[in-house]
Amino acid sequence: MPNPILPFCRLLRTGAWALALAFALQPTAMAADWGINPDTPKSTFEDFHKDFAAAVYPYAEHGAKPLGLVGFEVYVDASYNHGFGDDVGPGLPIYGSLPGGILSLARVGVRKGLPLGFDVEATYGRAVGSDLNIVSGTVQWALLEGGVATPALAFRLTGSKSTGVSYYSLRQLGAEAILSKGFAMLTPYVGAGMVRSESRFRFVSGRDVTSTEPILFGGVTISALIPKINIEVQKGRGFQATVKVGFGL
């Protein structure tokens, strides 16, 4: 019997190379560090915190149906948030620049099915135009696995933290519910949850921020071809979109 771990390892390696290539293709001029403007009022830091925390949160990007014991997925994705350009620049809490005024997070992830309707997931991403990375872990449990005439319902718990820069750190805990229904090659889904986020602006006293905010998201997974393609719209403080390309069973 073929070893089921071998294709999983090959796909993980493929995903890692795809993300590495995406980072390598970033223009050098856009790789400059961001920094903190210590003269910005705390209310402006609070706005940045809420916008950034919602933008980099690891949204589901898949339906509620569990992968199953032999199922797995390796993927790369990229988010698009145009309105975030108002939070980074001269006179704002974070100085620097964003490519085209857009915050984009490039991410690679691995999701693996376990018994009893559980899935586990790990992701690594980078905010394009900075050295700020986001590392996340997720556990999902399907209360209803769904069928021909019934939807699937699942609950997710997520944890994230930032790495890569000394002046700023972000920690997040999230809880969500996801409802989805498969139709041949399409699986539409919706989800909602709450996210607790903590930002620390180091070297600037009195600027740390903690918040608990609702999130909404919805999307569709297209399974007509290999790889699978997922398109998701997300609502935190504002709207953004994410496109994911995944491989697996």
Item to check | Label-point gap, in nm, between residue 175 and residue 212 - each point 7 angstrom along Cα→Cβ | outcome: 0.9 nm
Checklist entry - In a shell of Cβ-Cβ distance under 9 Å around residue 215, excluding residue 215 itself, what net charge do Lys and Arg (+1) and Asp and Glu (-1) give? => result -1
Checklist outcome for this item: Sequence order, the stretch 205-222: Karplus ³J(HN,Hα) from phi using 6.51 cos²θ - 1.76 cosθ + 1.60, θ = phi - 60°, Hz rounded, Gly and Pro as x, gives 6, x, 10, 5, 9, 10, 8, 10, 10, x, 9, 9, 7, x, x, 9, 9, 9
Next on the checklist: Given a 1.4 Å probe and heavy atoms of the protein chains only, how would you sort 212, 187, largest accessible area at the top?
Outcome noted: 212, 187
Checklist entry - Stretch residue 185-residue 235 to full length: gain in nm at 0.36 nm per residue minus the Cα-Cα span? => result 15.5 nm
Checklist entry - How many Å² of accessible area per residue for the stretch 128-185, probe 1.4 Å? => result 46 Å²
Item to check | Note, ³J(HN,Hα) from phi for the stretch 127-138, Karplus 6.51, -1.76, 1.60, rounded to Hz, x at Gly and Pro | outcome: 6, 4, x, 8, 9, 8, 10, 10, 10, 9, x, 9
Item to check | Share of carbon and sulfur in the accessible heavy-atom surface of the stretch 159-226 [1.4 Å probe, %] | outcome: 65 percent
Item to check | Packing rank of 130-140, 62-72, where each peptide gets the mean count of other beta carbons within 10 Å, highest leading | outcome: 62-72, 130-140
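The values are calculated or read from the model by the stated rules, or taken from the named source; none is laboratory data. Everything quoted here is computed from the prediction, not taken from an experiment. When we count neighbours, we look across all protein chains shown, and the Cβ atoms used for this are built from the backbone with ideal geometry, even at glycine. Each accessible area value is taken on the protein alone, full model and side chains, heavy atoms only, with ligands, DNA and RNA left out. Shrake-Rupley method; radii C 1.70, N 1.55, O 1.52, S 1.80 Å.
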